[in-house]
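All remarks here apply to the structure that follows.
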There are 2 protein chains.
Amino acid sequence: MDNSPARGTRDLLPATVAVRDHVLARITEVYHRYGYQRIETPAIEDINRLTGGQGGENEKLIYKILRRGLTEPPATLDEAVDLGLRFDLTVPLTRFYGNNQAVLPLPFRSFQFGPVWRAEKPQKGRYRQFNQCDIDLIGEETVLAEAELIEATTEALAAAGIPGVTVRLSDRRFLSALAEGAGIAPEAQGGFFITLDKLDKVGWDGVRKEFVSRGMAEETVEGVQQAITALQGLDQAKLADTLADAVPGLAADVIADLVATTGALAGMGELSWEFDPTLVRGMGYYTGQIFELSHPESASSVAGGGRYDKLIGRSLGRDVPACGFSIGFERIVDLLDSAPQADAVAVLHEADVPVAQVMQVARELRAAGRQVTTIKRRGKFGAQLGRVQEWGYTSFVHVKSDSIADERPLGARETS
Amino acid sequence: MDNSPARGTRDLLPATVAVRDHVLARITEVYHRYGYQRIETPAIEDINRLTGGQGGENEKLIYKILRRGLTEPPATLDEAVDLGLRFDLTVPLTRFYGNNQAVLPLPFRSFQFGPVWRAEKPQKGRYRQFNQCDIDLIGEETVLAEAELIEATTEALAAAGIPGVTVRLSDRRFLSALAEGAGIAPEAQGGFFITLDKLDKVGWDGVRKEFVSRGMAEETVEGVQQAITALQGLDQAKLADTLADAVPGLAADVIADLVATTGALAGMGELSWEFDPTLVRGMGYYTGQIFELSHPESASSVAGGGRYDKLIGRSLGRDVPACGFSIGFERIVDLLDSAPQADAVAVLHEADVPVAQVMQVARELRAAGRQVTTIKRRGKFGAQLGRVQEWGYTSFVHVKSDSIADERPLGARETS
């Protein structure tokens, strides 16, 4: 019989869940101290909301739910479907805010952790159901939002066992000004960003070729490369002047915001950061600063986010400034090996010991707050002890009908 | 714009999530001490597994997922669907055990908490997405399983703030013997149980009428009523003899098991229990003892479970004894009012205070492990303080560009 989970999904075994729960608990504790409050939205949303254009490419990957009560196939596929599984936590959050904003604090600090579904081509390390871990600050128009999201997330990752991240920061308004300065029409900027985003993979040669094939003149490409190179590896003191020089069309408030955020980051002690003029981030809805956290042991970023001041307005009818940061939860748990080994006692009982007596032994050990499990003796003693140790138990008590042996650590030899 | 969640589902606001998280953490902590290990299975399962007959009436309520990649409507509805949302955690558990048993401990103690979906008619307090909270002990053939599940769950509920439950216990084998003694054919026993289950709602008059309408003779009905009445309110010492008298066809090992379980329950200190010959429980897969927990403040039971020794065999190909207990999570959180009020500081800052300075004030307060949130000053001071207090903050600090006022408790008057 085939007991595999649905294609592209997976079962999570106890040891895996223990790591995930440990990481989540540490992250939750830190976000809670920053005042982020956990909310939950349903896994299913109206199909029209999911296909409304907020989700970009993810809208092609929706699990669609058949209308209930159909008795025969509908005339069209659209008629067949009324709901879908959410593909991220941002679309539900904007609906949630629209639905509940009258009773929420202002600003509202949201923490979400939960599964999302995308019918992607299955590949190593990628699953069709996976968990997202987002914080969002809604109603804060200044870069206090950006700086706080970065500080809280950096601290949360360190608490989860992932210290030493580097912040990479940019701004969509900077990217737009750069593209505009290069004579790229607003509607073609998406393609410009997609090419720029490939710099760390294909290098300047590859990027230049792609720019040219997009119709940019050689000298324009040269200018873009010079502007970007000038902006890489800048320290905070030089950021404002270099930005103004490299991108003459850049508005003063964008520069002031970047100076304010980097200034706040500089005040966060050990935190390392850089302005990264090649950072793009995929989603179309970002309107201001964008940022990612890199870690030396991870090829891709471990967290990413940005400001999206125009998104909530689509649900609410009036704009509310907002900024979010999403931890790549599945990615960071892969960086961590295992949860700390906990004290766990196995009460190994012979089959003829009465149930009430076995339970009493376990109960007395458990009274001290310890983790205690009963297991019936079977097979060869040494072999069973080996298995029990493999299962994560650290000591055992052997209960016979007429005697209870003292507790012994597992790993030590038993010759009973 | 309509920002309601999908019909029959709901958004969970921060205060609600806080109660739920608090309850779940207490339950988890107790189950962990009993050695139950949390596992996770995907929300989506193969549609053929979900409609394989384990789910009873729930199989009519499945959210079905459209095959990906369809370009036109399929010829039949069956062809349109390949997956569905799980309607319980037991079907996935039996698949999980079949898929992973080689690497799991024996016996295996499973703890599951997660959402399930049922397309039920929306009604007050019933939602189409809700959470189940199950423990299962797989591979334990004796009533140690039943007794331990009951002890652990009773303790978990007490830890969550719901002490004082009563255990009601019966056995499917007792019910079958009772029905058989009344001359009811095995295939008609389901209907017999359904009627008996209504006793607390319709009383003996109603039950007698329904038995007769099912074709039972008046004197048979009289015999069943006498047997059941004799078995209600029994103490443990009289249980064995009374059972043997009232249901002559009952096997000795069923009586011995009930004596062993009630003996173990009697050893659990304050726990109150009763043998309840009218307890049925809905699912068809139970094979032995069944049990529920009642609480004086809840009309329906707060937890229920039983032994299902033949269910895992359907996935695994060989029978493995198993017993499970499910807490009515949504029901018990409704019995509880709110999570304990936590210390939470609002840093109220005027708009002209630099971001880095506001963050530094928050950072210093947070260093002591406290929950600290920044909120911009807006509107009338007293009115804003009132709102901040409503949002759950317990104190505030007022930050101006040239001064920081001492922390003050919320609720006290401010005349700044």
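The values are calculated or read from the model by the stated rules, or taken from the named source; none is laboratory data. Remember, it's a predicted structure, so these values are computed and weren't measured experimentally. All Cβ positions, glycine included, derive from the backbone under ideal geometry; neighbour counts span all protein chains shown.
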Item to check | Residue list for the stretch B:257-287, restricted to those being more than 14 Å from every other protein chain (Cβ to nearest Cβ), more than 21 Å from B:Gly164 (Cα to Cα) and of a type outside the set (Val, Ile, Thr) | outcome: B:Pro277, B:Arg281, B:Gly282, B:Met283, B:Gly284, B:Tyr285, B:Tyr286
Checklist entry - Looking at the stretch B:181-201, is at least one residue more than 19 Å from A:Ala362 (Cβ to Cβ), in contact with a Gly (Cβ under 7 Å, 6 or more places away or on another chain), in the same structural domain as B:Ile327 (by TED's automatic domain parsing) and acidic (Asp, Glu)? => result no
Item to check | Of all residues making up the stretch A:190-235, the number that are farther than 16 Å from A:Val280 by Cα, among the polar types (S, T, N, Q) and within 27 Å of the chain's Cα centre (by Cα) | outcome: 0
Checklist entry - Can you tell me which residue in the stretch A:380-392 is nearest to A:Ala351 (Cα to Cα), limited to those that are at pLDDT below 95 and in a loop (DSSP other than H, G, I, E, B)? => result A:Trp391
Checklist outcome for this item: Flagged in the stretch B:301-356 as surrounded by 15 or more Cβ atoms within 10 Å (Cβ to Cβ), under 27 Å from B:Val372 (Cβ atoms) and either in contact with a Pro (Cβ under 7 Å, 6 or more places away or on another chain) or within 10 Å of another protein chain (Cβ to nearest Cβ) (or both), in numbering order, are B:Ala344, B:Val345, B:Ala346, B:Val347, B:His349, B:Val353, B:Pro354, B:Val355, B:Ala356
Checklist outcome for this item: When restricted to A:Pro74, A:Pro115, the only residue surrounded by fewer than 21 Cβ atoms within 10 Å (Cβ to Cβ), touching a helix residue (DSSP H, G or I) at 6+ places or on another chain (Cβ under 7 Å) and not charged (D, E, K, R) is A:Pro74
Checklist entry - Considering B:Leu149, B:Leu157, B:Leu169, B:Leu144, which residue is within 12 Å of chain A (Cβ to nearest Cβ) and touching a helix residue (DSSP H, G or I) at 6+ places or on another chain (Cβ under 8 Å)? => result B:Leu144
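With respect to B:Asp88, determine if the residue is among the acidic types (Asp, Glu) and in contact with a helix residue (DSSP H, G or I) (Cβ under 7 Å, 6 or more places away or on another chain).
yes
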Next on the checklist: Of the conditions (1) in contact (Cβ under 8 Å) with a residue 12 or more places away in the chain; (2) within 8 Å of chain A (Cβ to nearest Cβ); (3) over 30 Å from A:Ala75 (Cα atoms); (4) surrounded by fewer than 24 Cβ atoms within 10 Å (Cβ to Cβ), B:Asn100 satisfies every one except a single condition; which number is it?
Outcome noted: (1)
Item to check | Qualifying residue in the stretch A:51-68 (condition: more than 7 Å from chain B (Cβ to nearest Cβ), part of a helix (DSSP H, G or I), within 30 Å of B:Ala25 (Cβ to Cβ) and in contact with a strand residue (DSSP E or B) (Cβ under 9 Å, 6 or more places away or on another chain)) | outcome: no
Checklist entry - Of (1) in contact (Cβ under 8 Å) with a residue 24 or more places away in the chain; (2) buried (at least 21 other Cβ atoms within 10 Å of the Cβ); (3) of a type outside the set (Asp, Glu), B:Arg366 satisfies all except one. Which? => result (1)
Checklist entry - Among the residues of the stretch A:397-404, is any farther than 24 Å from B:Leu104 by Cβ, of a type outside the set (S, T, N, Q) and touching a residue at least 12 places away in the same chain (Cβ under 8 Å)? => result yes
Checklist outcome for this item: Within the stretch A:107-126, of all residues that are in a loop (DSSP other than H, G, I, E, B) and modelled with pLDDT under 95, the one farthest from the other protein chains (Cβ to nearest Cβ) is A:Lys124
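Taking B:Leu243, is it more than 14 Å from chain A (Cβ to nearest Cβ), in contact (Cβ under 8 Å) with a residue 60 or more places away in the chain, assigned to a helix (DSSP H, G or I) and over 27 Å from the mean Cα position of the chain (by Cα)?
Yes; evaluated as a whole, the condition is true for this residue.
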Checklist entry - Looking at B:Ala227, B:Ala177, B:Ala182, which is the one that is among the aliphatic types (A, V, I, L, M), in contact with a Pro (Cβ under 8 Å, 6 or more places away or on another chain) and closer than 17 Å to B:Asp245 by Cα? => result B:Ala227
Checklist entry - Here are some conditions: (1) free of Cβ contacts under 8 Å to residues at least 40 places away in the same chain; (2) more than 8 Å from chain B (Cβ to nearest Cβ); (3) within 26 Å of B:Arg118 (Cα to Cα). A:Asp46 meets all but one. Which one does it not meet? => result (2)
Next on the checklist: Filter the stretch A:80-94 down to the residues that are surrounded by fewer than 24 Cβ atoms within 10 Å (Cβ to Cβ) and either assigned to a strand (DSSP E or B) or at the interface with chain B (Cβ under 8 Å from one of its Cβ atoms) (or both) and list them by number.
Outcome noted: A:Ala80, A:Val81, A:Asp82
Checklist outcome for this item: Filtering the stretch A:364-387 down to residues that are within 26 Å of B:Glu29 (Cβ to Cβ) and more than 8 Å from chain B (Cβ to nearest Cβ) yields A:Glu364, A:Leu365, A:Ala367, A:Ala368
Checklist entry - Just a yes or no: is a residue in the stretch A:249-256 within 30 Å of B:Val361 (Cα to Cα), touching a helix residue (DSSP H, G or I) at 6+ places or on another chain (Cβ under 7 Å) and within 14 Å of chain B (Cβ to nearest Cβ)? => result no
Checklist entry - Out of the stretch A:1-13, which residues are within 7 Å of chain B (Cβ to nearest Cβ) and at pLDDT below 95? => result A:Met1
Checklist entry - What is the one condition in (1) among the small types (Gly, Ala, Ser); (2) over 15 Å from B:Lys60 (Cα atoms); (3) assigned to a strand (DSSP E or B) that B:Ala102 does not satisfy? => result (3)
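Yes or no, residue by residue, for (1) buried (at least 21 other Cβ atoms within 10 Å of the Cβ); (2) in contact with a helix residue (DSSP H, G or I) (Cβ under 8 Å, 6 or more places away or on another chain):
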residue	(1), (2)
A:Gly8	no, no
A:Ala15	no, no
A:Arg20	no, yes
A:Ile27	yes, yes
A:Tyr31	yes, yes
A:Ile44	yes, no
A:Asn48	no, no
Item to check | In the stretch A:1-50, residue farthest from the chain's Cα centre (by Cα) [restricted to those that are over 30 Å from A:Gly392 (Cβ atoms) and part of a strand (DSSP E or B)] | outcome: A:Asp46
